[in-house]
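Here the structure comes first, spelled out in structure tokens, and everything after it is commentary.
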Amino acid sequence: MSAAQSPLWTSEEAARATGGTVTRAWSAQGVSIDTRTLSNGDLFVALSGGNRDGHAFVAGALAKGAAAALVSDRKSTRLNSSHVSESRMPSSA
């Protein structure tokens with residue numbers, strides 16, 4: 001992130017928006033729900049759905065350069081993450 005470019009999200013903003021908790025401070029330039037398209041510095045959102053659970057990809061997203069992960073699974077909060085109570089996709093998605 002360049003000095004002139006402000007972050008899309010910060011840990012404080014994400015915590016306020018979701019009512020969640022933060023394990024450490026972070027800032028993100030983008031958002032991704034798929035590690036295959038994740039860019040360095042993105043916030044990875046771990047969605048749980050009928051076919052896949054994004055929490056299984058949190059470690060890989062962080063290894064790939066995600067700034068943090070937005071999770072609902074408390075086991076993931078030991079990583080650089082923000083915890084929210086729920087991150088399920090609507091059943092119609």
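The values are calculated or read from the model by the stated rules, or taken from the named source; none is laboratory data. No experiment lies behind these values; they were computed from the predicted model shown. FYI the Cβ positions are ideal-geometry reconstructions off the backbone, even for glycines, and counts take in every protein chain you see. Just the protein is used for accessible areas: all its heavy atoms, side chains included, with ligands, DNA and RNA removed. Shrake-Rupley method; radii C 1.70, N 1.55, O 1.52, S 1.80 Å.
Checking the stated criteria, R24 turns out to be farther than 15 Å from A63 by Cα and not β-branched (V, I, T). Restricting attention to segment 47-71, the residues that are more than 16 Å from W9 (Cα to Cα), touching a helix residue (DSSP H, G or I) at 6+ places or on another chain (Cβ under 8 Å) and touching a residue at least 24 places away in the same chain (Cβ under 8 Å) add up to 2. Limited to segment 15-34, what total is found for residues that are over 20 Å from Q5 (Cβ atoms), surrounded by fewer than 18 Cβ atoms within 10 Å (Cβ to Cβ) and not hydrophobic (A, V, I, L, M, F, W, C)? Residues flagged as over 20 Å from Q5 (Cβ atoms), surrounded by fewer than 18 Cβ atoms within 10 Å (Cβ to Cβ) and not hydrophobic (A, V, I, L, M, F, W, C) within segment 15-34 amount to 7.
Please enumerate the residues belonging to segment 51-72 that are assigned to a loop (DSSP other than H, G, I, E, B) and either open to solvent by 40 Å² or more (accessible area, probe 1.4 Å) or modelled with pLDDT of 90 or more (or both).
Filtering segment 51-72 down to residues assigned to a loop (DSSP other than H, G, I, E, B) leaves 51-52, 64-67, 72.
Selection gives N51, R52, K64, G65, A66, A67.
Scanning segment 24-40 for residues being in contact (Cβ under 8 Å) with a residue 24 or more places away in the chain and touching a Leu at 6+ places or on another chain (Cβ under 7 Å) gives a total of 3.
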